[in-house]
1. With θ set to phi - 60°, apply the Karplus curve 6.51 cos²θ - 1.76 cosθ + 1.60 along the range 34-49 and write out the HN-Hα couplings as whole Hz, x wherever there is a Gly or Pro.
2. What is the gain in length, in nm to one decimal, between residue 78 and residue 19 on full extension, counting 0.36 nm per residue of separation less the C-alpha to C-alpha distance?
3. Given (i) 22.7, 80; (ii) 19.5, 64; (iii) 12.8, 37, which label gives Rg and Dmax of the Cα atoms in Å as computed from the coordinates?
4. In percent, what relative contact order does the chain have, based on Cα pairs under 8 Å that are 6 or more apart in sequence?
5. When the dipole is taken about the Cα centre of the chain, and only Lys, Arg (+1) and Asp, Glu (-1) are charged at their Cβ, what size is it in debye, to the nearest 20?
6. Leaving out ligands, DNA and RNA, what percent of the accessible area of the range 8-75 is carbon and sulfur, probe 1.4 Å?
7. According to a simple spin-label model (label point 7 Å from Cα along Cα-to-Cβ), what is the distance in nm between residue 11 and residue 29?
8. What is the gain in length, in nm to one decimal, between residue 45 and residue 85 on full extension, counting 0.36 nm per residue of separation less the C-alpha to C-alpha distance?
Amino acid sequence: TSPALSMGVDLTNAQQVNQIISGMLTHLSIQTVLVGVVFVALWMRWGSSPGKMLLQCHIVDAHTGGPATTRQLVIRYIGYYLSLLPLGLGFFWIGLAPRKQGWHDMLANTLVVRTDPK
């Protein structure tokens, strides 16, 4: 028997399948929001995420070079998903763009820069 049948799921029952899909989408949405809150909080506090900290980089406003605003950071996080959609092209764009910005950075008007050694 298939795993779905052994779990008591009737794949011919549209209502049951819709409930399962709805539950999965709800779970995915909650995870996406929670991860976003963590990333934006890290970016707000330190201007960086753990990976960027290891590379001694931080996120700044593209015009002023100062700290990015909360609005910019939220747009940047949402932009990650837009960068991923077309086979990750928004991330490959970093290698092509003169200022090394991905689509998420262009949308949020941010840059990732190296931290000056202290």
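1. Using θ = phi - 60°, the values come out as 4, 4, x, 4, 5, 4, 5, 4, 4, 5, 5, 6, 10, x, 6, 10 Hz.
2. Details: separation 59, 0.36 × 59 = 21.24 nm, distance 2.67 nm.
Length gained between residue 78 and residue 19: 18.6 nm.
3. Computing Rg and Dmax of the Cα atoms in Å and matching it to (i) 22.7, 80; (ii) 19.5, 64; (iii) 12.8, 37 gives (ii).
4. Details: 124 pairs, mean separation 25.1, N = 118.
RCO, the chain: 21 percent.
5. Working: 8 positive and 4 negative charges, 99 e Å.
Around 480 debye, computed over the chain.
6. Working: 3210 of 4720 Å².
Roughly 68 percent, rounded to a whole number.
7. That separation, rounded to one decimal, is 2.6 nm.
8. Working: separation 40, 0.36 × 40 = 14.40 nm, distance 2.82 nm.
Here the answer is 11.6 nm.
The values are calculated or read from the model by the stated rules, or taken from the named source; none is laboratory data. Keep in mind that what you see is a predicted model, and the values were worked out from it rather than measured. Note that we place each Cβ from the backbone using ideal geometry, even for glycine, and neighbour counts take in every protein chain shown. All accessible areas refer to the heavy atoms of the entire protein, side chains included, with ligands and DNA or RNA removed. Shrake-Rupley method; radii C 1.70, N 1.55, O 1.52, S 1.80 Å.
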